[in-house]
1. Starting from region 21-47, take each residue that is more than 18 Å from ILE88 (Cβ to Cβ) and list its partners that are outside any helix (DSSP H, G or I), counting only C-beta distances under 8 angstrom and pairs at least six apart or across chains.
2. Is it fair to say SER156 is touching a residue at least 12 places away in the same chain (Cβ under 8 Å), surrounded by fewer than 18 Cβ atoms within 10 Å (Cβ to Cβ) and among the small types (Gly, Ala, Ser)?
3. For region 12-42, what are the residues that are in a helix (DSSP H, G or I) and exposed (fewer than 14 other Cβ atoms within 10 Å of the Cβ)?
4. Out of the residues in region 43-72 meeting the condition of being aliphatic (A, V, I, L, M) and crowded, with 23+ Cβ neighbours inside 10 Å, tell me which one is farthest from the chain's Cα centre (by Cα).
5. If I go through region 171-192 residue by residue, how many of them are over 16 Å from PHE26 (Cα atoms) and either surrounded by 14 or more Cβ atoms within 10 Å (Cβ to Cβ) or free of Cβ contacts under 8 Å to residues at least 40 places away in the same chain (or both)?
6. Might you check whether a residue that is outside any helix (DSSP H, G or I) and either within 29 Å of ARG168 (Cβ to Cβ) or of a type in the set (A, V, I, L, M, F, W, C) (or both) occurs anywhere in region 65-76?
7. Would it be correct to say that LYS9 is out of contact with any Leu (no Cβ under 8 Å at 6 or more places or on another chain), surrounded by fewer than 13 Cβ atoms within 10 Å (Cβ to Cβ) and on the phi < 0 side of the Ramachandran plot?
8. Looking at HIS53, HIS114, HIS96, which is the one that is modelled with pLDDT under 90, closer than 16 Å to ILE171 by Cα and of a type outside the set (Ser, Thr, Tyr)?
Amino acid sequence: MSEFWLYLKLGLTHVLDTQAYDHVLFIIVLVAAYNFSNWKRLLGLVSLFTLGHTISLLLASFNIVTVSSSVIELLIPITILITALFNIFAARKSNHSEKIGLLFILTFFFGLIHGFGFATYFNMIKDDNTILPLLEFALGIEIAQIIVVIVVLIASFIFQSFLRFNKRDWILIVSSIVIGMVIPMLMENWPS
């Protein structure tokens, strides 16, 4: 049972690590366009991201697929940038959910990319070739993502209800801040 808590905690702390905030940035920008009434859709998006993430961890863990870490380190900020730009362009429309199918597909695909980013770390910490530690780690990641979702939704509620930001402005501000944070990551990982 202690191994369960070990891998669960590793998943939690790996996402919530302040030194490696790219995962949190992706979740923030993914959630920015939604509120508490969209909790089912958000849970679906976050779970799809975790599913993609877990599949790529599984593929990398058992050496079925190998991807260059430099490619993944470049693709991760690109996924965040694409999601933020999607928010900015979709914020002009009154109904953000018109392209939800595309968002679900992209979220799953981006989960695959982010999972490959965790693969090296996970391979260093696992002590056997069973799938159970991977699932425990994935559960920790899912819980951490739900924590981030709740924090963003609370911030969204506060800014939109008490500080009177309209939804469009909230989406534009959050997405722009994330873009500002992701550009240095892109520049740092850009091939020379």
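1. VAL24/LEU16; ARG41/TYR34; LEU42/TYR34
2. no
3. Across region 12-42, the qualifying residues are THR13, PHE36, SER37, TRP39, LYS40.
4. That would be LEU57.
5. 4
6. Yes.
7. no
8. HIS96
The values are calculated or read from the model by the stated rules, or taken from the named source; none is laboratory data. Worth saying up front: this structure is predicted, and the values here are computed from it rather than measured. Positions of Cβ are backbone-derived with ideal geometry, glycine not excepted, and every protein chain shown enters the neighbour counts.
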